[in-house]
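Student: Questions regarding the structure given below will be posed in turn.
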Number of protein chains: 2
Amino acid sequence: MPDVKHFDPDAVLEQVERLFWQRGAATTGIAEVVAATGLSRSSLYATYGGKQDLYVRALRRYVEERSQPMFQALADDGRGLPAVEAFFDRLIRIRCAGEHARWGCMATNANAEGADPAVRQVLDQHHDRLRTTMRAALEAADAQGQLADGLDLDATAESLTLLAYGVNLRSRAGADPATLRMGTSAALDSLRRDRS
Amino acid sequence: MPDVKHFDPDAVLEQVERLFWQRGAATTGIAEVVAATGLSRSSLYATYGGKQDLYVRALRRYVEERSQPMFQALADDGRGLPAVEAFFDRLIRIRCAGEHARWGCMATNANAEGADPAVRQVLDQHHDRLRTTMRAALEAADAQGQLADGLDLDATAESLTLLAYGVNLRSRAGADPATLRMGTSAALDSLRRDRS
DNA sequence: GCTATCTTGGACTGGTCGTTCCAAGATAGG
DNA sequence: CCTATCTTGGAACGACCAGTCCAAGATAGC
C-alpha cells in the first residue's frame, strides 16, 4: 500500500560520500548535500538520520567500497615486496591525479576531524585491515626470500600502514607525487635483503 | 596620546593556538575564542583580522613555538639514529600523554583541513624543516657507521617525515602509544647496519 | 477508484556563524 | 585637566546551520 522511495539510497550515499570526502565533514552543510543529491531534506533525514549518521554511513561506505578494494588487490597479489610497491604506487597515483586528486583518503582525513566513537571504530577497523594485509604481504615477501633477516613483520606492517597515512595526508595538501614516491620507495628498499 | 592594548597579543595568540589545535579550525567558533581569551570581538578583529587570519597566525605560532623546538632538539642531538629514535619517542609521549594528549599535531591536522594557500605555505615549510632535520640526523648516523650501505638519505628522510605524520594522525584518533612506538622502531631498525 | 501508508517538497524553527559598528572607556602627550 | 586617539564592550547584522513539520503527492492492495 505505501509509497516507495523515489531514489536509490546507495547511489545517493555515494554522492554524499564524495561530498564529505572532498570537502570534509565539518565544512559541508546539509544544504550542499541536498543540492548535490537532489533529494529533499525530508527524504534525507527519513532515510539516513541526521548529519552525523549520514557522515558515518558515508565513511563506512568509503571504507568498504574504496579502501577495501585497494587492500584486496594487495592481498591478492602474492609477489611480496613488489605487491606492496604496487600498492603504494597506485595509492599515490590515485591521490595526486584523476577524478579524486587532492581529496586525500576519507578515512585518513577523518582521523584529524572528530572524536566521535562511531567514527573511531570505523577508523580502527580500517587501520587493522590495512595492517593485517600489509603483514600478509610481508610474510609472502619473506617466504620468497625478499626480506632482510631479523625483521619484525608485525612492527614493519604497522610502520608501512602509518606511512600510508602520511602519503594520504600530504597528498591532500598538494604534495608532489614524485616526492611521495621517493619516500615510499625508501621505506621499502630498506626492507630488502638485496639493497639497491 | 592613544590608548594601548589591555592585553598581551602573543599570550592571547597562544590560547587561540591551543584552542584551534585541540578542536580544529572548522569546528571552533569565534564565540569560543572570545570565551577562552576573555577578549571582546572588537579587540580580536582589530588585532588579528578575521577568523582565517587568526587561524593562520595561530598555526604559524604552533610551527615556530611547538614544532621548531622539537626539530631543534633533533638537530642538536648528534648521535645519529639514537637521536631520531629519541625524537619519535618524545613525539609519541607528547601525543599520547600529558597536557596535549590526543590533540595530534596542529600542522598535521591542518593538512587534512583546508586548501587555503597561506596554510599550505606554512605546511610546506613545516614539512621541509622536518625533512631537512631528519636528513642531517641520518648523515650523522651514516658518518658514525650506523646505517646500512646504499641508503638514499634524502628519500629516507622523506620517508621518516611521512611516518611522523602517521604517528601524529593516529595519536589523535586514540592509537595505542606502544603500537605507534612499535611502528617507528621497525622503520628505524630497518635502516641499521646491525639489524635485530 | 478508493484508501491507507509512506514519501516528498519546502516553509519554518531556534540557534549559531563570522563580521561590523558605535558609543563609552582608557590612555598619554600637551 | 584637556583632548586626540586608540581600545573595548556589547548590541546588532544578515547569512547560514542542523533539524522539524505538515500538507500535498505518489503508491499499491483492495
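Student: Suppose we keep only residues that are surrounded by fewer than 18 Cβ atoms within 10 Å (Cβ to Cβ), of a type in the set (G, A, S) and outside any helix (DSSP H, G or I) within the stretch B:81-137. Which one would you say is nearest to the other protein chains (Cβ to nearest Cβ)?
Tutor: B:A115
Student: Among (1) more than 12 Å from the chain's Cα centre (by Cα); (2) surrounded by 16 or more Cβ atoms within 10 Å (Cβ to Cβ); (3) within 16 Å of DNA strand C (Cβ to nearest atom); (4) at negative phi, there is one condition B:L74 misses while meeting the rest; what is its number?
Tutor: Here B:L74 meets the rest and fails (3).
Residue-wise test of (1) modelled with pLDDT of 95 or more; (2) within 15 Å of DNA strand C (Cβ to nearest atom); (3) crowded, with 19+ Cβ neighbours inside 10 Å; (4) under 20 Å from the mean Cα position of the chain (by Cα).
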{"residue": "A:G24", "(1), (2), (3), (4)": "yes, yes, yes, yes"}
{"residue": "A:T47", "(1), (2), (3), (4)": "yes, yes, no, no"}
{"residue": "A:A58", "(1), (2), (3), (4)": "yes, no, yes, yes"}
{"residue": "A:E64", "(1), (2), (3), (4)": "yes, no, no, yes"}
{"residue": "A:G78", "(1), (2), (3), (4)": "yes, no, no, no"}
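Student: Would you mind finding the one in B:G29, B:G38, B:G50 that is within 14 Å of chain A (Cβ to nearest Cβ) and within 13 Å of DNA strand D (Cβ to nearest atom)? Reasoning before the result, please.
Tutor: Details: B:G38 fails: within 14 Å of chain A (Cβ to nearest Cβ); B:G50 fails: within 14 Å of chain A (Cβ to nearest Cβ).
When all the criteria are applied, what remains is B:G29.
Student: Name the helices (runs of 4 or more DSSP H) wholly inside the stretch A:1-61 in which the number of residues that are among the aromatic types (F, W, Y) is 1 or more.
Tutor: Output list reads A:9-23, A:41-48.
Student: Step by step: first the residues of the stretch B:138-174, then only those that are among the hydrophobic types (A, V, I, L, M, F, W, C) and more than 8 Å from chain A (Cβ to nearest Cβ), then the one that is surrounded by the most Cβ atoms within 10 Å (Cβ to Cβ). Which residue is that?
Tutor: Only one residue fits best here, namely B:L160.
Student: Yes or no: A:E32 surrounded by fewer than 17 Cβ atoms within 10 Å (Cβ to Cβ), over 26 Å from A:L163 (Cβ atoms) and either hydroxyl-bearing (S, T, Y) or in contact with a helix residue (DSSP H, G or I) (Cβ under 9 Å, 6 or more places away or on another chain) (or both)? Step through it out loud before you land on a result.
Tutor: Values: surrounded by fewer than 17 Cβ atoms within 10 Å (Cβ to Cβ): yes; over 26 Å from A:L163 (Cβ atoms): yes; either hydroxyl-bearing (S, T, Y) or in contact with a helix residue (DSSP H, G or I) (Cβ under 9 Å, 6 or more places away or on another chain) (or both): yes.
Criteria met by A:E32.
Student: Further question: Say whether the condition of being within 14 Å of chain A (Cβ to nearest Cβ) and within 12 Å of DNA strand C (Cβ to nearest atom) is met by at least one residue in the stretch B:1-19.
Tutor: Within the stretch B:1-19, not a single residue is within 14 Å of chain A (Cβ to nearest Cβ) and within 12 Å of DNA strand C (Cβ to nearest atom).
The values are calculated or read from the model by the stated rules, or taken from the named source; none is laboratory data. None of these values were measured; they are calculated from a predicted model. Note that we place each Cβ from the backbone using ideal geometry, even for glycine, and neighbour counts take in every protein chain shown.
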